[in-house]
Amino acid sequence: SNNTLVPSLLKNFPDKPVIAAGGIANAKGIASMLSLGAVGVSIGTLFIASDEAPVSKEYKEAIISSGREDIVMTSRLSGAPVSIINTPFYKGLKKADEERKNTKGIDSTAESKMETMNKGIRMLEKSIKPGNYNNLWVAGKSVETINLIKPVAKIIETLKDEFQNV
């Protein structure tokens, strides 16, 4: 969690600025990370649910209709853990992967890992485009607090207004 990660990073890298990321979707989250010593925050999932985000309407709607229990971690996309919405499409991929592992075993060569990463990146790039229903949608547990698609200016205005009252 950021509550322990930020102080740990500051302790181990006192000369480096720390920018907190993950699970931040409101002013309380921003204030919390700043109070721990972060110099800033990086907010992702909240801005996917913006009018301006260049992603499909379905992806934006999935952000606002999902809860924290709908978020799962996977290494399937790039070889590195990433959190995504547990869509029916992803469940089908996961089931196919499990069946393949049971019959073929796991190929862990560097070449195989690089191929997995490249395939995952291509799938993610395609999945965010309008009209694509191969729903591999990256999102964090902050989806729990996001319930409207808004213009970016409104999101920032709301964060600023809330921050004044924290």
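The values are calculated or read from the model by the stated rules, or taken from the named source; none is laboratory data. All figures in this text were calculated on a predicted structure; none of them were measured in a lab. SASA here: full protein model, heavy atoms, side chains in, ligands and nucleic acids out. Shrake-Rupley method; radii C 1.70, N 1.55, O 1.52, S 1.80 Å.
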Given all pairs of distinct Cα atoms, region 1-48 yields a Kirkwood Rh in Å of 10.8 Å
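Quick one: which of 94/160; 11/94; 95/154; 57/141 span more than 29 angstrom between C-alpha atoms? Don't skip to the end; give the middle numbers.
Values: 94/160 40 Å; 11/94 39 Å; 95/154 40 Å; 57/141 20 Å.
Distance filter (> 29 Å) returns 94/160; 11/94; 95/154.
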Computed over region 1-59, protein heavy atoms only, probe 1.4 angstrom, the accessible area per residue in square angstrom equals 56 Å²
Counting only protein heavy atoms with a 1.4 Å probe and every protein chain in place, the carbon and sulfur fraction of the accessible surface of region 1-96 in whole percent equals 57 percent
